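Q: Please see the structure below; I have some questions.
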């Protein structure tokens, strides 16, 4: 149980950091707007739809959501699944693919363990003994752990992804409003300084 709580704590911390980092994306790309011409040229050259590389709130947050959704699911070819979603939903594909790497050879065993234990908790049943934090163990015991594993997977893939999606949208909007307020305050201070300087001359 302590291990499960520790993994949950790590997951929540990662989500908080993710929220902060993703919201800053628009500022980073704003500062690097001079590279937009190169990106457009690349997309035109290979005839790639620009809508799948957009850096805006909807595109980025959807990309994160799609990537997390498939990243939580124990399944092969997760990146291919992300690409398969493009005819049905417009989102930032590179961001989605990068989010899929939430599950990688290092994080897979603890992630599967977290999902399996969560599924057992939700179903009110006991877990198997002598669990090994290895991908091979989960493959070998898939028949015995299938239902609790994917019950827990549904909780994180749908529930946590939905929370992250809503959170990132709110953080993004808050970031935009904060930046506008900072600009207004900066403009007001600049005008006040000009007024004081002009008044001093008189």
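Readers should treat all values here as calculations from the given coordinates under stated rules, not as data from a laboratory. From a predicted model like this one, the values you see are computed outputs, not experimental measurements. So basically every Cβ, Gly included, is an ideal-geometry build from the backbone, and we count neighbours across all protein chains shown.
Q: Taking R0 as 30 Å, what FRET efficiency do you get between residue 144 and residue 79 from their Cβ-Cβ distance, rounded to the nearest 0.05?
A: E between residue 144 and residue 79, to the nearest 0.05, is 0.60.
Q: Shifting gears a bit: Rank-order 163-173, 94-104, 80-90 by packing density, defined as the average count of other C-beta atoms within 10 Å over each peptide's residues, highest first.
A: 94-104, 163-173, 80-90
Q: While we're on this one: Hey, what did the range 62-146 get for relative contact order, percent, Cα under 8 Å, at least 6 apart?
A: 29
Q: Same structure, new question: Expressed in nm to one decimal, what extension gain is obtained for the pair residue 129 and residue 176 from 0.36 nm per residue of sequence separation less their Cα-Cα distance?
A: 11.9 nm
Q: With a Förster radius of 22 Å, plug the Cβ-Cβ distance of residue 121 and residue 162 into 1/(1 + (r/R0)^6) and report the FRET value to the nearest 0.05.
A: Computed FRET efficiency for residue 121 and residue 162: 0.70.
Q: Among rounded, prolate and oblate, which fits the range 45-192 when a ≥ b ≥ c are the square roots of the eigenvalues of its C-alpha gyration tensor, a/c under 1.5 means rounded, and a/b larger than b/c means prolate?
A: prolate
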